[in-house]
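Since the structure comes first, as structure tokens, the remarks are kept for the end.
The values are calculated or read from the model by the stated rules, or taken from the named source; none is laboratory data. Note that the structure is predicted; figures quoted are calculated from it, not measured. Here the Cβ positions follow ideal geometry from the backbone for every residue, glycine too, while neighbour counts run over all protein chains shown.
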């Protein structure tokens, strides 16, 4: 897809567009498309359109334009009107960004007919709404909304429909460096989220620990990036008993993928850790058969970390960012972990296994302890589809966040709000820590049904020491996320854009 910025001076600027999307605001009893839009577009609109369209926030209306009064046909074959509401609706920046992403998703849905090859988006001149802000979030929603996963579909050529426009023109008053930068930011964030979605959509036999390793090495081709992959023998030498324990029942070897973006000058080091369970059967504590096919999504945390790191490597910020993805599947082979077994994590902490389906915390604990010891980061963030309990508490609308540092937590919540990926903070505390005390080891890997999300986080808490740390439980949002025009059914790519926003904020 080619994206270009064109200055709006006359109708010919959208010549040949299969679809022109324009946006209006409500001013008293009248709809305005800004100075240029009112004069250029009004003659093309049927009177019924002008009377029906109220420009409410989120409203959209599709129609075929008329010939102008001068007898000229419209340069655009179709038009889509989008509403931005009154000025008061746009005062809250994060809500406005989400409104624009949703509008971009609606435009993507209009492109899904397969007939839209050339798309034009008019960037209005609206008081209090900068052109670069408008373009970034509208384009981000469009690119996210155009996502499809068709790798394994064997369609006949005559049945195939190309849902991706060949060209997208942004019609703006001026072409500025800030507008070009906004377009680049939108492309980068959407691309990263769509990569994470691709990883998650792969079946368990299509995405393995080795594929995480291959992707990490691909990212390492970028400037200032290196990749190191620890194999099973290295894990044994280092004592990564959590990863090795979960892997015992599998014929697929585990991998600990370490991707390090290290610019020449930096003043902060951020460690990201993502759960990479490529398929979770539950192990000996076998899951029910119904819905088990969704357990290919148990690597969404790892997907978010590596795809975000790829975006970071493109943007080249002055922050060192290290991503760790401990990866294995969790199977019930003959050598699998059993309830009652005891393992030893990196650093020497012993753990009693009460439930082999509580495996995510075992691999994350090793990665957290090892990463902190090796890189001494200023802060560490982990993402994991860790507990079903977070779905009971928050549904599929918010990611649960738990942290030992208020500033880090606030920064991540703010980044999630900017990205349209809301979070809700849950507490930590000694009363929850007591639930995972073991009589035969230093800790046990479950704390019972009560406060399951919190006790899982308390398990991880034991491995981070005093390092500022935040844990994002994305089990409820990594798939079946709140229905939105730019979020497909299935994996959402959640966490990817939050991490990108967080790094940009540093």
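Which residues, taken from segment 281-307, are touching a residue at least 40 places away in the same chain (Cβ under 8 Å) and in a loop (DSSP other than H, G, I, E, B)?
Passing the criteria: 281, 282, 283, 284, 285, 286, 287.
Could you grab me the full set of residues in segment 219-232 that are free of Cβ contacts under 8 Å to residues at least 24 places away in the same chain and within 19 Å of residue 278 (Cα to Cα)?
Across segment 219-232, the qualifying residue is only 232.
Step by step: first the residues of segment 389-447, then only those that are touching a residue at least 60 places away in the same chain (Cβ under 8 Å), touching a helix residue (DSSP H, G or I) at 6+ places or on another chain (Cβ under 8 Å) and assigned to a loop (DSSP other than H, G, I, E, B), then the one that is surrounded by the fewest Cβ atoms within 10 Å (Cβ to Cβ). Which residue is that?
It comes out as 404.
So which residues in segment 253-278 are assigned to a loop (DSSP other than H, G, I, E, B) and either touching a strand residue (DSSP E or B) at 6+ places or on another chain (Cβ under 6 Å) or not assigned by TED's automatic domain parsing to the domain that holds residue 205 (or both)?
Result: 254, 262, 266, 275.
Table: residues versus (1) in contact with a helix residue (DSSP H, G or I) (Cβ under 8 Å, 6 or more places away or on another chain); (2) over 18 Å from residue 439 (Cβ atoms).
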residue	(1), (2)
337	yes, yes
343	yes, no
349	yes, no
353	yes, no
359	yes, yes
368	yes, yes
373	no, yes
376	no, yes
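For residues that are in a loop (DSSP other than H, G, I, E, B), surrounded by fewer than 24 Cβ atoms within 10 Å (Cβ to Cβ) and in contact (Cβ under 8 Å) with a residue 12 or more places away in the chain, scanning just segment 484-506, find the one that is farthest from the chain's Cα centre (by Cα).
Applying the filter and picking the extreme gives 506.
Sort through 280, 260, 329 and tell me the only one that's surrounded by fewer than 24 Cβ atoms within 10 Å (Cβ to Cβ) and over 17 Å from the mean Cα position of the chain (by Cα).
The match here is 260.
Taking segment 17-31 on its own, how many of its residues are modelled with pLDDT of 70 or more and farther than 15 Å from residue 80 by Cα?
Summing the residues that are modelled with pLDDT of 70 or more and farther than 15 Å from residue 80 by Cα in segment 17-31 gives 3.
For segment 111-138, enumerate the residues that are closer than 22 Å to residue 488 by Cα and either surrounded by fewer than 18 Cβ atoms within 10 Å (Cβ to Cβ) or at pLDDT below 90 (or both).
The answer is 112, 113, 114, 115, 117.
Tally the residues that are in contact with a helix residue (DSSP H, G or I) (Cβ under 9 Å, 6 or more places away or on another chain) and either within 17 Å of residue 307 (Cα to Cα) or in a loop (DSSP other than H, G, I, E, B) (or both), restricting the search to segment 237-249.
2
Answer yes if at least one residue in segment 224-232 is in a helix (DSSP H, G or I) and farther than 29 Å from residue 498 by Cβ, and no otherwise.
Checking segment 224-232: at least one residue is in a helix (DSSP H, G or I) and farther than 29 Å from residue 498 by Cβ.
Given the criterion modelled with pLDDT of 95 or more, in contact with a helix residue (DSSP H, G or I) (Cβ under 8 Å, 6 or more places away or on another chain) and either within 26 Å of residue 385 (Cβ to Cβ) or outside the structural domain of residue 301 (by TED's automatic domain parsing) (or both), identify the matching residue among 185, 180. Before you say what the answer is, go through the steps one by one.
On the way: 180 fails: in contact with a helix residue (DSSP H, G or I) (Cβ under 8 Å, 6 or more places away or on another chain).
Checking each option against the conditions leaves just 185.
I'd like to verify a number: residues in segment 175-203 that are surrounded by fewer than 19 Cβ atoms within 10 Å (Cβ to Cβ) and touching a strand residue (DSSP E or B) at 6+ places or on another chain (Cβ under 8 Å), how many?
3
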